[in-house]
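Structure, as structure tokens:
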Amino acid sequence: MSRASATAASLGLLVCHACGLLSRAAPHAHDAYCPRCGARVHWRKPNSISRTWALLIAAMVLYIPANVLPMMYTGSLFGFQSDTIMSGVVFFWKTGSWYLALIIFFASITVPMLKMIALVVLLVSVQRRSRWQPVQRTQLYRVVEFVGRWSMLDVYVVAVIVALVQLQALATITPGPGAIAFAGVVVLTMFAAMSFDPRLIWDPMGEEDGRAPA
Amino acid sequence: MIACHECDLLQREVPLPRGGIVRCRRCGAEQYRSHPHSFERMLAFTLGAIALFAMANAFPIVGLKLEGQVIETTLFHTVRTLYNEDMKSLAALVFATTILMPALELAAMAYLLVPLKLGRAPRHFALVFRALQAVGPWGMVEVLMLGVLVALVKLLHLATVVTGIALWALAALMLLYAAIAATFDPRELWARRSALT
């Protein structure tokens, strides 16, 4: 421990995720509870990698219908129209609201995709026990956790528009199956990010020079 | 001693100057910060947010004006319309993320803070504290706010859009949620709780 880089786990201490208390683990215990707040504490989140992969792959599969299927059907005197996420972006771009086009493009298309790519990078690097750029990878994880919720934007847009336009005879707007798939992507990637344990990024750091993890 | 929740590094707890912040030496994750009067701030923001939350749900968010007729929708009405459109899963998701979870979060905060302020320990403190932590990521008031604005611009070409009181309440609520998140101080809560027993 030359650089005093002892981790809690290496000293037999468990940190509580809910309240932050350190507690000493009972020997050979598999699950333990925080003595202060009673939350379940683990060395590392259980099956973190396989759970994250499972949720992530499910999200990737749903990402396709989310982008291909219509989010919204609009029917009016002038015809019938179905809108996907991308056609919504194009609509705003053409009507001059380029800033809204950018927001939707960013929140609904870029963020979910980058989020999934980032999780793949994190998972692969952790599985290979990579020691490459741990600080940046931890920051990447923080960003993924923070921006995930913003992808719900389009779901709310559809909800509000449907509710307002339903009330009158002007046009009928109904939500499409794409909206459900899209909401599924957002929820699944949020769960995936939650089940990933960033401490796994740092675990290979303790194994320098063939020493026992210290 | 504390351990970083993101990289598990053990480090010594240090006393902080006012407004100071402790970051992990290795990965830079925020460990804790010292806000002057963090407890009172949490309480004030929470009580303010409860009032605004009630307004945001009681009044219409937006309306359309068409041929002299105004059609308005509240947050809950939005959920009900989705439900009636046979989009039950979507309705449930919107309900959970914009009404249920934010309400639970505020209720749990008030439940922990108010008795502590009065010098009493709330029952099931630990349970409510854990529930608060679990509910946190699922309240998406700020995203809803942006979603309403985008929907408004989309509808501008259909009819005149009328903003409702709830929209303003929602905007203020968004700020208060951010303030609660920034001042939330679990160490202070636990310190006050254990001082009582």
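Coordinate-derived values only; no laboratory data. Quick caveat, the model's predicted, so the values are computed rather than measured. FYI the Cβ positions are ideal-geometry reconstructions off the backbone, even for glycines, and counts take in every protein chain you see.
So what is the relative contact order of chain B, in percent, for Cα pairs below 8 Å that sit 6 or more residues apart?
On the way: 237 pairs, mean separation 54.5, N = 197.
About 28 percent, as a whole number.
List the residues, sorted by chain then number, that are 5 or more residues from A:T84 or on another chain and whose placed amide H is less than 5 Å from its amide H.
A:M71
Of the listed pairs A:K115/B:K154; A:K94/B:K65; B:K65/B:K88; A:K94/B:K88; A:K115/B:K65, which have alpha-carbon separations greater than 30 Å here?
Values: A:K115/B:K154 27 Å; A:K94/B:K65 25 Å; B:K65/B:K88 28 Å; A:K94/B:K88 33 Å; A:K115/B:K65 40 Å.
Over 30 Å Cα-Cα: A:K94/B:K88; A:K115/B:K65.
How many partner chain Cβ atoms sit within 10 Å of a residue's Cβ in peptide B:148-161, on average, as a whole number?
Working: counts 5, 6, 13, 11, 4, 6, 14, 5, 2, 2, 9, 4, 0, 1.
If you average over the peptide's residues, the count of other-chain Cβ atoms is 6.
For chain A, place one equal point scatterer on every Cα, skip the solvent, and apply the Debye formula. What is log10 of I(q)/I(0) at q = 0.13, 0.16, 0.18 Å⁻¹?
Log10 I(q)/I(0), no solvent term: -0.83, -1.06, -1.23.
Measure nothing but the geometry: give the 0 to 90° angle between the long axis through the Cα atoms of A:177-195 and the longest principal axis through the Cα atoms of chain A, rounded to 10°.
10 degrees
Quickly estimate the mean residue ellipticity at 222 nm for chain B, helices only: each DSSP H run with n ≥ 4 gives -39500 (n - 2.57), and the total goes over all residues, rounded to 500.
-18000 deg cm²/dmol
Counting only other chains, and only Cβ atoms inside 10 Å, what mean value do you get across the residues of B:73-83?
The per-residue average across the peptide is 4.
For B:V161, which sequence-distant residues (separation of 5 or more, or a different chain) have an amide H within less than 5 Å of its own amide H, given hydrogens modelled in the peptide plane?
HN-HN under 5 Å from B:V161: B:K65.
By average Cβ neighbour count within 10 Å, what is the ranking of A:129-135, B:161-167, A:158-164, B:17-23 from highest down?
Numbers: A:129-135: 13.4, B:161-167: 17.1, A:158-164: 27.7, B:17-23: 11.1.
Answer by packing, highest mean first, reads A:158-164, B:161-167, A:129-135, B:17-23.
Give me the inter-chain shielding for B:121-131: mean count of other chain Cβ atoms within 10 Å, whole number please. Working shown, then result.
Numbers: counts 0, 0, 0, 1, 3, 7, 3, 1, 6, 9, 1.
Rounded to a whole number, the mean comes out at 3.
Report the calculated FRET efficiency for A:T110 and B:A110 (r = Cβ-Cβ distance, R0 = 35 Å), to the nearest 0.05.
0.40
Return the equivalent ellipsoid semi-axes of the stretch B:1-44 as a descending list in whole Å, where each equals the square root of 5 times an eigenvalue of the C-alpha gyration tensor. Display every interim value, and only then the final one.
Values: eigenvalues 104, 23, 14 Å².
Values for the stretch B:1-44, descending: 23, 11, 8 Å.
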